[in-house]
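Only one structure is covered here, and it is reproduced in the block below.
No lab work stands behind these numbers, since they all come straight from the coordinates. This is a predicted model, so every value here is computed, not measured. Neighbour counts are summed over all protein chains in view; Cβ atoms, including those assigned to glycine, are modelled from backbone coordinates with ideal geometry.
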Amino acid sequence: MINVVIADHQAIFRAGIAKVLAVEEDMRIVGQPQSAEQLLNVLDRLRSRVLIFSSSFLPLLAEIQQIASTRNIALLMLVENSEVAADFMRMGVQGVIYRSAGGNVVVEAVRRLSRGEPFLQSPNTGEGEFSEDLVGARVRDRLSDRELRIISAVVQGYKNRDIAMQLYTSEQMVKNALRNIFDKIGVSDRLELALFTIHHRILAQATASVRSTPLRRRAAQNGDTKSIEVVPPPSAIN
């Protein structure tokens, strides 16, 4: 049995990866820490074989590696789509996957690391994924710019109130928009929406592209010179 720890500051990603791995008969989730303190405690106290952790924990890398080396824990880093996976391999982790990796890639990476093999996901097509994501492209073309921004915010863990503040609209509008998005994509809730987005590279890239354009800049482009503050993302979903 491969004991796995999943550490990410975004609860929806922890839940998504756990859902993917939980159906595998040879894998067991033994911990899902979200903070630095929780992560170090879990590694020290629980018996695990593979740690999946996001690049947000990079400041702890030396401490993580020290514990991992004494407990035979393989390190699989989850990085943002805009980051270069190979850079993290040079830091001494055994594997790197992108946040938009499909479930089959995550499973394969965990299995390889458990056998003592390295795993580096390709930045272009992704190992074990189709280079042409026809479903993702079709869904992306059906969504408006505002809908992509809402999906991006959901994936990051924002609540409807926060999304409404960012878009300068009402919570009811956000709720209505989410219902339309669910119907267009064919999902039933926020978790399914986030998982669908993560697993379809083209859609994930589209939402990341929208997210990378700050509200301040977009407002300036529209002639609004007022200072706009973006609500910081929550650390987790309640």
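Please give the FRET efficiency for Glu171 paired with Arg138, using the beta carbon to beta carbon distance and R0 = 35 Å, rounded to the nearest 0.05.
Working: r = 29 Å, r/R0 = 0.84.
About 0.75, to the nearest 0.05.
Enumerate by residue number the trypsin sites (Lys or Arg not before Pro) in region 86-119 meeting two conditions: DSSP loop (anything except H, G, I, E, B), and at most 16 other Cβ atoms within 10 Å of the site's Cβ.
Details: sites: Arg90, Arg99, Arg111, Arg112, Arg115; in loops: Arg90, Arg99, Arg115.
Sites meeting the loop and neighbour criteria: Arg90, Arg115.
Please state the charge dipole magnitude for region 2-120, taken about the Cα centre, from unit charges on C-beta atoms (+1 on K and R, -1 on D and E), reported in debye and rounded to the nearest 20. Each step should come with its number before you reach the end.
Numbers: 12 positive and 12 negative charges, 57 e Å.
Value, rounded to 20: 280 debye.
Under the definition of Cα pairs under 8 Å and six or more residues apart, what whole-number percent is the relative contact order of region 13-68? Let's see the in-between values first.
Working: 21 pairs, mean separation 15.4, N = 56.
With pairs under 8 Å counted, the relative contact order is 27 percent.
How long is the gain from Val84 to Ser209 if the chain were fully straight, where each residue apart is worth 0.36 nm and the alpha carbon distance is subtracted? Let's see the in-between values first.
Numbers: separation 125, 0.36 × 125 = 45.00 nm, distance 1.65 nm.
Extra length available between Val84 and Ser209 comes to 43.3 nm.
What residue among Ser209, Leu143, Val155 has its Cα farthest toward the positive end of the dipole of region 134-221, where the charges are +1 on Lys, Arg and -1 on Asp, Glu, each on the Cβ?
The residue sitting most towards the positive pole is Ser209.
Stretched out fully, how many nm does the piece from Ala36 to Ala22 gain, at 0.36 nm a residue minus the Cα gap?
On the way: separation 14, 0.36 × 14 = 5.04 nm, distance 2.38 nm.
Difference between extended and current length: 2.7 nm.
Rounded, prolate or oblate: which fits region 134-221, taking a ≥ b ≥ c as square roots of the Cα gyration tensor eigenvalues, rounded meaning a/c under 1.5, else prolate when a/b beats b/c?
Numbers: a/c = 1.81, a/b = 1.24, b/c = 1.45.
Oblate.
Could you state the number of Å between the C-alpha centres of region 154-180 and region 1-38?
27
Looking at region 1-106, which GluC sites (Glu not before Pro) are in a loop (DSSP not H, G, I, E or B) and have at most 11 other Cβ atoms within 10 Å? Each step should come with its number before you reach the end.
Numbers: sites: Glu24, Glu25, Glu37, Glu63, Glu80, Glu83; in loops: Glu24, Glu25, Glu80, Glu83.
Those satisfying the criteria are Glu25.
Work out the length of the dipole vector of region 134-221 about its Cα centre, built from +1 on the beta-carbon of each Lys and Arg and -1 on the beta-carbon of each Asp and Glu, and round it to the nearest 20 debye. Kindly include the intermediate steps, with their values, before the conclusion.
Working: 16 positive and 8 negative charges, 53 e Å.
Computed charge dipole of region 134-221: roughly 260 debye.
With contacts defined as alpha carbon pairs under 8 Å and 6 or more residues apart, what's the relative contact order of region 134-221 in percent? Please list the in-between numbers first.
Numbers: 63 pairs, mean separation 37.4, N = 88.
Relative contact order of region 134-221: 43 percent.
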